[in-house]
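Here the structure is laid out as structure tokens; the discussion comes afterwards.
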Amino acid sequence: MTIDNFNFAGKKAIVRVDFNVPLDENGHITDDTRIRGALPTLKKILADGGALIIMSHMGKPKGKVNPKMSLAQIKDAVAAALGCNVTFAPDCAKAAEAAAALPCGEALLLENLRFYPEEEGKPVGIDKADPAYDEAKKAMKASQKEFAKTLASYADVYVNDAFGTAHRKHASTAVIADYFDADHKMLGYLMEKEVKAVDNVLSDIKRPFTAIMGGSKVSTKIGIIENLMDKVDNLILCGGMTYTFAKAQGGHIGLSICEDDKLDLALEIIAKAKAKGVNLVLGTDCVAADSFSNDANTQVVPAGAIPDGWEGLDAGPETRKLFANAIKDAKTILWNGPAGVFEFDNFTAGSRAIADAIVEATRNGAFSLVGGGDSVACVNKFGLADQVSYVSTGGGALLEAIEGKVLPGIAAIRGDK
Ligand code: AMP
């Protein structure tokens with residue numbers, strides 16, 4: 001079932017959203033992006049004449065009640081955003097009465113799901129090495145099912161709009177879907193958009209396709225690099241990874257960040273790209289600094305000839321041109337991870353050059369997906385988020401999706417487990 005094809009009139013919908021919003025020390029929301037992200041789905045259900053049961057996690061309470069992570073703190077903000085009455089259920093596993101009494105056109109906000117260990121389904125207070133662990137895990141999986149069944153009993157239909165947790169097989173993100181038939185479970189609009197964006201870069205590819213992978217380490221990106229190798233025309237590897245590649249090729253990298261146990265892997269990636277005809281673009285020059293700070297002295301040097309005591313913190317001018325050239329004529333673009341220590345204003349040039357080239361290509365008709373943590377912070381810092389095709393809301397979930405993994409939250413709805 002799709003959300004557009006479902007009429008919620010007279011129905012109770014239980015919707016998993018990601019309202020894991022940052023709060024200040026007084027419990028006030030400092031960034032409401034995630035609440036705004038779920039509004040199209042929530043408003044469609046209300047506008048149809050349905051009743052909303054909203055569930056989310058907040059933070060990592062590890063299966064225990066923690067008032068600092070109570071969703072009661074955001075109830076008023078949710079009511080203001082929805083423009084309807086919102087009641088609060090202080091115990092998400094004991095909300096049957098409140099759900100039954102909920103009138104159409106109104107919402108019930110359940111307390112933080114992760115106050116219950118059943119949400120994540122991991123046994124608490126027992127070490128993995130303990131011989132009783134397997135038994136405890138089995139018991140927890142059984143109570144996770146019961147917990148999911150209880151949540152499901154509140155509603156006629158289940159909607160999952162929490163892309164940020166779609167890579168988790170939790171009670172509210174996946175297990176609950178077993179208690180609804182195919183006509184009564186669906187993805188929300190935000191999830192649909194994320195799935196479509198991933199599809200655009202993994203299946204429905206317009207060429208040339210340029211992927212830009214940055215960040216600090218090769219090791220955390222290797223799954224993605226391998227999956228993309230079969231799909232891309234140009235692969236830019238930048239950021240801290242640059243120096244593992246430079247060293248692997250015999251370069252001198254000074255104090256630059258490097259994974260010494262990944263030198264062979266770097267050479268394998270270079271060989272694989274060659275074998276597959278992928279244009280691998282690595283930094284040739286860099287902005288080296290004499291300390292890891294914004295005010296460090298700098299010099300532009302070859303990425304493989306960094307003086308002792310210096311470290312590469314950003315892409316150099318020649319590299320920035322190489323990157324821009326591989327991006328600006330692309331028709332599909334994926335960007336994950338900055339090209340330098342963009343948190344320091346003096347080392348943003350590489351990431352800025354990438355962002356500008358993506359914006360130019362997007363203007364010329366490319367589909368551009370930016371996602372996975374720091375590159376999102378980058379486009380936000382440059383004020384360019386509205387000039388790319390799609391900025392993903394899911395960090396880990398997006399990375400797993402572009403690694404080619406099936407996300408449990410999506411599989412549970414589509415039935416392709
Ligand atoms: P990741 O979480 O792996 O995507 O890495 C993002 C982080 O990589 C950011 O905090 C950047 O500051 C950092 N980074 C990017 N380039 C470099 C570099 N040349 N040296 C050290 N850290 C870097």
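Would you confirm whether any residue within region 204-218 is closer than 30 Å to LYS43 by Cβ and surrounded by fewer than 22 Cβ atoms within 10 Å (Cβ to Cβ)? Among the residues of region 204-218, at least one is closer than 30 Å to LYS43 by Cβ and surrounded by fewer than 22 Cβ atoms within 10 Å (Cβ to Cβ), which makes the answer yes. Residues in region 200-225 that are away from the ligand (no atom under 16 Å from the Cβ), touching a residue at least 60 places away in the same chain (Cβ under 8 Å) and not basic (Lys, Arg): ASN200, VAL201, LEU202, ILE205, PRO208, PHE209, THR210.
Screening region 318-347 for residues that are under 16 Å from VAL379 (Cα atoms) and of a type in the set (Phe, Trp, Tyr) and picking the one that is farthest from the ligand (Cβ to nearest atom) gives TRP335.
Among the residues making up region 258-312, those that are touching a residue at least 40 places away in the same chain (Cβ under 8 Å) and in a strand (DSSP E or B) are ASN279, LEU280, VAL281, LEU282, CYS286, VAL287, ALA289, THR298, PRO302, ALA305, GLU311, GLY312. Considering only residues in region 384-417 that are open to solvent by 50 Å² or more (accessible area, probe 1.4 Å), modelled with pLDDT of 90 or more and under 27 Å from PHE344 (Cβ atoms), the one that is farthest from the chain's Cα centre (by Cα) turns out to be GLN387. Elements of the type strands (runs of 3 or more DSSP E) sitting completely within region 92-196 and holding at least 1 residues that are within 22 Å of the chain's Cα centre (by Cα) and in contact (Cβ under 8 Å) with a residue 24 or more places away in the chain: these cover 157-160, 185-187. For region 234-252, residues that are more than 14 Å from ILE270 (Cα to Cα) and either open to solvent by 50 Å² or more (accessible area, probe 1.4 Å) or more than 9 Å from the ligand (Cβ to nearest atom) (or both) total 2. For LEU399, indicate whether it is within 11 Å of the ligand (Cβ to nearest atom), within 22 Å of LYS206 (Cα to Cα) and touching a strand residue (DSSP E or B) at 6+ places or on another chain (Cβ under 9 Å). It is true that LEU399 is within 11 Å of the ligand (Cβ to nearest atom), within 22 Å of LYS206 (Cα to Cα) and touching a strand residue (DSSP E or B) at 6+ places or on another chain (Cβ under 9 Å). Considering only residues in region 161-203 that are surrounded by fewer than 24 Cβ atoms within 10 Å (Cβ to Cβ) and of a type in the set (Ser, Thr, Tyr), the one that is nearest to ALA324 (Cα to Cα) turns out to be SER203.
Number of residues in region 163-198 that are among the hydrophobic types (A, V, I, L, M, F, W, C), under 24 Å from MET58 (Cβ atoms) and in contact with a Gly (Cβ under 7 Å, 6 or more places away or on another chain): the value is 5. Candidates are the residues of region 360-378 that are more than 12 Å from the ligand (Cβ to nearest atom), open to solvent by 10 Å² or more (accessible area, probe 1.4 Å) and in a helix (DSSP H, G or I); the one that is nearest to THR332 (Cα to Cα) is THR362.
For region 291-317, a residue qualifies if it is within 11 Å of the ligand (Cβ to nearest atom) and more than 19 Å from PHE344 (Cα to Cα), and the qualifying residues are ALA303, ILE306.
The lone criterion from (1) under 27 Å from ASP290 (Cβ atoms); (2) without any contact (Cβ under 8 Å) to a residue 60 or more places away in the chain; (3) of a type in the set (A, V, I, L, M, F, W, C) left unmet by LEU235 is number (1).
The values are calculated or read from the model by the stated rules, or taken from the named source; none is laboratory data. Computed from a predicted model, the values in this text were never measured in an experiment. Positions of Cβ are backbone-derived with ideal geometry, glycine not excepted, and every protein chain shown enters the neighbour counts. These area figures cover heavy atoms from the full protein model, side chains too; ligands, DNA and RNA do not enter into them. Shrake-Rupley method; radii C 1.70, N 1.55, O 1.52, S 1.80 Å.
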